[in-house]
Structures are given as structure tokens and as C-alpha cells.
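Structure first, commentary second.
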Amino acid sequence: MDLKNKTVLITGAASGIGAATARHMAGLGARIAASDIDVGALEALVGELNASGGTAFAQAVDVTRSDQVDAFFDAAAQAYGSIDIVVSNAGIGGKEQRKTAEHTHDDWHNVIAVNQTGVFYTMQAALRQMMAQGHGSIVNVASLAGLKPSGYNLSYSASKFAVIGMTKSAALEYGRDNIRINAVCPGYTKTPLLDRLLGFRPEMEETLRRLIPMDRFGEAGEIAEAIAWLASDQAKFITGQTLVLDGGTSLI
Ligand SMILES: NC(=O)c1ccc[n+]([C@@H]2O[C@H](COP(=O)([O-])OP(=O)(O)OC[C@H]3O[C@@H](n4cnc5c(N)ncnc54)[C@H](O)[C@@H]3O)[C@@H](O)[C@H]2O)c1
């Protein structure tokens with residue numbers, strides 16, 4: 001499989017799954033438009049991609065700001081001519097782990113703004129561009145938490161269920177327009193986001209690992225490979241689906 005002649009726009013590309021996806025897709029020959037709020041890490045990543053023979057540019061984008069999202073799409077379209085693939089990946093976990101009655105309003109508003117509204121803004125900008133160019137493929141990064149209940153983090157759960165709902169509803173609307181929209185649902189994957197979650201309760205690491213039939217956490221690169229495949233022409237009859245990457249956790 002290769003992604004030569006494809007252009008890919010990624011949100012939340014500075015770390016974890018987003019960075020692994022940028023590296024993997026660049027390695028497959030795609031030109032990358034990478035964005036994040038962490039500008040230092042983002043520029044380091046883009047420097048690395050360009051130094052190893054790829055083509056990439058970085059733009060500071062907060063996905064909760066539709067003006068910044070729109071400006072990023074304009075810049076990517078101007079740089080590359082078209083935007084074939086969009087990976088809507090930026091996401092946060094919330095600052096605290098509490099039961100629903102104590103869930104802080106700060107966490108609620110921040111998590112919904114990034115994980116849900118950010119995906120909405122990104123899909124809107126992507127669909128406008130893809131309608132104009134007559135094709136496109138969008139992969140939204142949801143979560144196992146968007147398919148199954150998970151305690152102590154209501155906003156995260158709500159936002160990821162919403163991402164799956166938005167993915168399926170938009171896929172229904174745009175199938176005739178040659179635009180595919182899918183989601184991936186990673187289980188527990190080793191990234192800074194999981195490190196922060198385990199930071200609340202370090203004893204959870206062993207407990208969570210026992211929930212994974214394959215007896216290990218996922219690697220960001222493994223999620224990146226699935227995103228690249230689902231976004232590519234190899235998956236050209238697939239739309240509105242959720243691809244679960246969880247080492248079997250959802251079987252339990
Ligand atoms: N790691 C896991 O176990 C896991 C499991 C399921 C789903 N996910 C999802 O995968 C995606 C990537 O997470 P990750 O694990 O790589 O985490 P991560 O923290 O390593 O990376 C997330 C990136 O998003 C960026 N970001 C945060 N807020 C932003 C904003 N407002 N605008 C733009 N960028 C912003 C961060 O700066 C960071 O670079 C998220 O949507 C997350 O919910 C992760």
C-alpha cells in the first residue's frame with residue numbers, strides 16, 4: 001500500500017496517535033498538513049518528516065476555534081491543491097476522574113469542546129473542501145469509550161459516542177458525493193494521554209491490562225497503520241464504520 005500523490009491533513013498531530021499517523025502516512029508517500037496547539041512539538045515533528053525526505057508543513061490550530069480550523073484547510077488546499085484525506089484526531093481526556101454527580105463543569109466544557117465540537121468543525125471544513133474537489137476520505141479518532149460505557153469520565157464518554165454518531169450520520173449524507181467517513185476506536189494505547197490517565201491512579205495500569213485479552217496496551221503506530229488503511233483507496237467501499245483496535249477488550 002502507498003499514499004503517493006495523496007495529501008493528508010491531521011489535527012492533534014504533535015503527539016501520540018496523531019504523530020504516529022503523520023510519520024506512517026509520510027512514510028507511505030503522502031504530503032502532510034499537520035496541526036496542533038503544541039507548536040514546539042509540532043514543528044519538531046514536521047522538521048523530522050521533511051528531513052527524512054517527506055513533504056509536510058505545520059500550522060498552530062486549536063480545533064475548538066472554527067476560524068483557525070478553516071484557515072488551516074485554506075492553507076493546506078493552497079499548498080497542496082487538494083486535501084484527499086483528513087484525520088480528525090485531536091482529543092483530550094479531562095483533568096479529573098470523578099463520578100457523574102461530581103464531574104466538573106470545566107472538564108465537561110473543555111472535553112466536549114475539543115473532542116466533539118472540534119471534530120464537528122473539522123468535518124465541516126473537510127466536507128466543504130471535499131465537495132469542491134469531488135472526492136475525499138475522513139477518519140475520525142473516536143475510542144472504545146464511544147462504544148461501551150466507561151466510568152468516572154462522563155464528558156469523554158459522551159464526546160466519543162458523539163464522534164461515532166457524527167461519523168455515521170455524515171457518512172449517510174455524503175456517500176453519493178464520493179466522500180467516505182469512518183472512525184477508529186482505539187482501546188488503551190500507550191500515549192501521553194494514557195500516561196495522564198494512569199497518573200490519577202497508577203494502580204490502574206495492571207487492572208486495565210487485565211481487561212485486554214492480548215495482555216498488552218496498543219502502540220500508537222498500530223493505530224496509525226489502521227487509520228492509513230481505512231483512509232486509503234484499499235478501503236474504498238467502506239463508509240460509516242467504526243474500526244475497533246483494542247486487543248480484544250471489547251469482547252469482554
Ligand atoms: N491513548 C489512548 O488510549 C486512546 C484510546 C482511545 C482513543 N484515543 C484518542 O486518540 C486521539 C489522540 O490521543 P493520544 O492518545 O494520541 O493523546 P496525546 O495527548 O498524545 O495527543 C493528543 C494531541 O492533541 C492535541 N490537542 C489537545 N487539545 C487540542 C486542541 N484544542 N486543538 C488541537 N490539538 C489539541 C495535544 O496537544 C496532543 O498533541 C484522541 O482523540 C484520543 O481521545 C486515545
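For the range 33-120, a crude dipole built from +1 on the beta carbon of Lys and Arg and -1 on the beta carbon of Asp and Glu, taken about the Cα centre, is about 220 debye to the nearest 20.
Summary value for the range 19-91: 27 percent relative contact order, contacts being C-alpha pairs under 8 angstrom separated by 6+ residues. The dipole here belongs to the chain: it is taken about the Cα centre, uses +1 on the Cβ of Lys and Arg and -1 on the Cβ of Asp and Glu, and is about 540 debye.
Quick one: if the Förster radius is 35 Å, what FRET efficiency do Ile252 and Asn110 give, using the C-beta to C-beta distance and rounding to 0.05?
Details: r = 30 Å, r/R0 = 0.86.
E between Ile252 and Asn110, to the nearest 0.05, is 0.70.
For the range 82-214, the dipole from Cβ point charges (+1 on Lys and Arg, -1 on Asp and Glu) about the Cα centre works out to 240 debye, to the nearest 20.
Computed from the Cβ-Cβ distance with R0 of 51 Å, the FRET efficiency linking Leu198 to Gln78 stands at 0.80. When shorter helices are ignored and each DSSP H run of at least 4 residues is given -39500 (n - 2.57), the per-residue value for the chain at 222 nm works out to -14000 deg cm²/dmol. Centre-to-centre, using Cα atoms only, the range 102-136 and the range 173-197 are separated by 12 Å. Accessible surface area normalised per residue over the range 49-91 is 40 Å², counting heavy atoms of protein chains with a 1.4 Å rolling probe.
A simple spin-label model places the labels of Ala132 and Thr55 1.9 nm from each other, with each point 7 Å out along Cα-to-Cβ.
Positive-end ranking of Ala75, Ala58, Gly93 along the dipole of the range 45-107, with charges on Cβ about the Cα centre, is headed by Gly93. When the chain is described by a simple charge dipole with +1 on each Lys and Arg Cβ and -1 on each Asp and Glu Cβ, the residue from Thr7, Ala171, Ile223 located farthest towards its positive end is Ala171. Per-atom-type breakdown for the chain gives carbon and sulfur 53% of the accessible area (1.4 Å probe, protein chains only). Between Met214 and Arg176, the contour length at 0.36 nm per residue exceeds the Cα-Cα span by 9.8 nm. Think of the chain as a dipole: +1 on every Lys or Arg Cβ, -1 on every Asp or Glu Cβ, centred on the Cα centre; then among Tyr121, Ala22, Val139, Val139 lies furthest on the positive end.
The values are calculated or read from the model by the stated rules, or taken from the named source; none is laboratory data. Since we're looking at a predicted model, the values are computed, not measured. Cβ: placed from backbone, ideal geometry, glycine included. Neighbour counts: every protein chain shown. SASA here: full protein model, heavy atoms, side chains in, ligands and nucleic acids out. Shrake-Rupley method; radii C 1.70, N 1.55, O 1.52, S 1.80 Å.
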